[in-house]
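The values are calculated or read from the model by the stated rules, or taken from the named source; none is laboratory data. This is a predicted model, so every value here is computed, not measured. Glycine gets a Cβ as well: all are built from the backbone with ideal geometry, and neighbour counts include every protein chain shown.
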Amino acid sequence: MVSTSLISITDDLDQFWQSSWVITAYLLTYTGFLKVWTKLNDAFGTKPALLAALTIFIAFSGGCGASQTMSQLIICRAFQGVGGSGLYSLSLFAFVRIAAPSKSYIVSIVAGSVVSLGLMLGSIFGGALSSVHAWRWIFLFHVPVGAIAYVLICISIPTHFPRHCEDPPAYASFREMIHDKIPSLKTLDLFGMGLLLAASFLLVAALTEADVRYGWSSGSTIVCLGLSGVAWVGLFAWQWSIGQEQDKANLESLIPWSLIQNRVRLAVVLGFFLTGSAMMITLIQIPQRLQLVNQLTPLDAGVRILAYTAVQPLGTMLTTILANNFRIPFVYILLLGASLQTIGMFLYSEITTSSHLWPGQYGYFVMTGLGMGTSIACLCMMVPQVIRTEDQRPAIGTTLQLRTLGGALGVAIANSVFRRYIMSHASQSLDLKALFDVAKDIHDRVSSTQSSTTLVFAEAYNMQMKVVGALSAAQILVALLAWRREQVLLDR
């Protein structure tokens, strides 16, 4: 819902060039706390952990709706991401545990359908609210709906789910219960989590603030980039040491080293990261282009982006048919999905820069969305085929983290390219530095100035789509990593 509403939010709160933090703040905390919720689920059960996550999400959704400044909104979005990570991961875990293993494919279809439906309706619902200047209800809507969900969870989920059929342990006191849960919580890699958050936050901060508050050569930007690099190196060194040293064997690493040691597994991991980047950029930037360049309302932009989101489930169906019915190796399906994305995005990056809405771009949306759905479904189906059973649980968490992290970094990179292009072309058209604080001026300028503004913004958005095209092309190279003599097929 937020993707079609960013322009309306910045119209009200100003600071257009800080608007990407509304997305990245949520994604960064979402990524960082996934493992925390997994451990809380192991220690205290799904129901208490899910209720705690929902409480945090509801509280800070209300805070987002009540925010009066962009800084307040960004802070509340960060805490909303903490709750959101628990809601998604714990709900997915509950979905899997509801049905017997033999029926897991049905659960996967239902869960995937719910996510796809939310993706499609979210853009329309968010656009509709923003079109009537009610963007705050995008967040406030979660409060009553969340309260209903809270009641349903209390009523429908057994207290000790998924061990509700077993006799619950008896504790003499609360202190005894906490003491019993500590061993499970001790396996949480807090140091690794801190390194991941520091590395990703510092990198996103450098990319987001460069050309806004600081220059690329400023001390602040250089320090952020340098410290981020140190944190990334430290993170991978720490994850390697967890896998090598016996005294750290009780820790559950954020990135199981077995995923990196095998070429095919590495292809799956990198595939999730790259698809997360490409998908998040398109979901955020295309609705913005439709509003700023093509002068559409948020609702119109939300409806038109359906050409991209609505076909993604078709990509899932295509993958299932190719892998199951025709027994086509996964590597070829990955190459198909990445190729569709690459062709679609590079073609879209060359569309007209006028405010006229060219209908042919919908074909590019369909091509890219079909490729994205194909790639994501293929990567998900490959996980149980190429990863050992004992590593599948942490591997699923890792791939989900990397997909979200890829989205955060991808949005930051795309916005950095966008700002850099506008800065370099400001003197050639008009003083675009004046647009750093107020985006709505684009709609209020006289026709000649508006035409110049539209041209530069359209060219900048085209540059962003070239970034998506490059990320999609990188997926082709990653798919080739999965090539081997005996190709990976779907087990029957």
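Just to check your reading of the model, which residue among Arg289, Arg263 is touching a residue at least 40 places away in the same chain (Cβ under 8 Å), out of contact with any Gly (no Cβ under 6 Å at 6 or more places or on another chain), over 23 Å from Ile124 (Cα atoms) and charged (D, E, K, R)? From the options Arg289, Arg263, the qualifying one is Arg263.
To keep it simple, each residue is scored yes or no on (1) modelled with pLDDT under 95; (2) under 21 Å from Val468 (Cα atoms); (3) aliphatic (A, V, I, L, M); (4) out of contact with any Pro (no Cβ under 8 Å at 6 or more places or on another chain).
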{"site": "Met317", "(1), (2), (3), (4)": "yes, no, yes, yes"}
{"site": "Ile333", "(1), (2), (3), (4)": "no, yes, yes, yes"}
{"site": "Gly344", "(1), (2), (3), (4)": "no, yes, no, yes"}
{"site": "Ser355", "(1), (2), (3), (4)": "yes, no, no, yes"}
{"site": "Thr368", "(1), (2), (3), (4)": "no, yes, no, yes"}
{"site": "Thr389", "(1), (2), (3), (4)": "yes, no, no, yes"}
{"site": "Ala395", "(1), (2), (3), (4)": "yes, no, yes, no"}
{"site": "Leu405", "(1), (2), (3), (4)": "yes, yes, yes, yes"}
{"site": "Asn415", "(1), (2), (3), (4)": "yes, yes, no, yes"}
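The helices (runs of 4 or more DSSP H) found wholly in the stretch 1-48 and carrying at least 2 residues that are surrounded by fewer than 22 Cβ atoms within 10 Å (Cβ to Cβ) occupy 6-13, 34-44. Applying a threshold of 6 Å to beta carbon distances and a minimum spacing of six or more residues, or different chains, the list of pairs starting in the stretch 128-146 at a residue that is assigned to a loop (DSSP other than H, G, I, E, B) and ending at one that is hydroxyl-bearing (Ser, Thr, Tyr) and buried (at least 23 other Cβ atoms within 10 Å of the Cβ) reads Trp135/Ser5; Trp135/Ser8. With respect to the conditions (1) out of contact with any His (no Cβ under 8 Å at 6 or more places or on another chain); (2) in contact (Cβ under 8 Å) with a residue 60 or more places away in the chain, Asn294 falls short on a single one, namely (1). Looking at Leu140, Leu121, just one residue is under 17 Å from Asp300 (Cα atoms) and surrounded by 14 or more Cβ atoms within 10 Å (Cβ to Cβ), and that residue is Leu121.
Could you please let me know if Leu274 is surrounded by fewer than 24 Cβ atoms within 10 Å (Cβ to Cβ), assigned by TED's automatic domain parsing to the domain that holds Gln487, at pLDDT 90 or above and out of contact with any Cys (no Cβ under 6 Å at 6 or more places or on another chain)? It is false that Leu274 is surrounded by fewer than 24 Cβ atoms within 10 Å (Cβ to Cβ), assigned by TED's automatic domain parsing to the domain that holds Gln487, at pLDDT 90 or above and out of contact with any Cys (no Cβ under 6 Å at 6 or more places or on another chain).
Restricting the search to the stretch 18-68, which residues are within 22 Å of Ala149 (Cα to Cα) and of a type in the set (Ser, Thr, Tyr)? The answer is Tyr26, Tyr30, Thr38, Thr46, Thr55, Ser61.
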